[in-house]
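Presented below is the structure to which this report refers.
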Amino acid sequence: MPRKASTKAAAAKTAKTEAPKRTAPMKPQVYLQYDANQVEVDAVVAAAKAAFKEEKGHRAAIKSLDVYLKPQEGAAYYVINGDFTGKIDL
């Protein structure tokens, strides 16, 4: 009979030590709609990063990225690391 008690104690100990399952935080999809157009904001951010890397072969790490959406101009302007600027057509 001592074995059953130790098995129950081990099962109880295991249940207490298991961490609860965590789900990934929800990531919203954000769209900019203007006139008859729609642009996914994440796609604009990805395009800004890609344009930065293509332009003059930048290899610097991106530490900050500011994106300014200007739908009336059909463009997005970006500033990377406070120094590098560029424009993307929407």
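Just to make sure I understand: if all protein chains stay in place, what is the order of GLU54, GLU40 by accessible area at 1.4 Å, largest first? Please report the intermediate quantities before stating the final value.
Values: GLU54 150, GLU40 60 Å².
Ranked from most to least accessible, the order is GLU54, GLU40.
Per-residue HN-Hα couplings for segment 84-90, Karplus 6.51 cos²θ - 1.76 cosθ + 1.60 at θ = phi - 60°, whole Hz, x for Gly and Pro?
Result, rounded to whole Hz: 9, 10, x, 9, 10, 6, 7.
Residue by residue through segment 31-44, which ³J(HN,Hα) values in whole Hz follow from phi under the Karplus form 6.51 cos²θ - 1.76 cosθ + 1.60 (θ = phi - 60°), with glycine and proline marked x?
Computed from phi, the couplings for segment 31-44 are 10, 10, 10, 8, 6, 9, 10, 9, 10, 7, 4, 4, 5, 5 Hz.
Using protein chains only and a probe of 1.4 angstrom, how many square angstrom of LYS53 are accessible, to the nearest 10?
130 Å²
The values are calculated or read from the model by the stated rules, or taken from the named source; none is laboratory data. From a predicted model like this one, the values you see are computed outputs, not experimental measurements. These area figures cover heavy atoms from the full protein model, side chains too; ligands, DNA and RNA do not enter into them. Shrake-Rupley method; radii C 1.70, N 1.55, O 1.52, S 1.80 Å.
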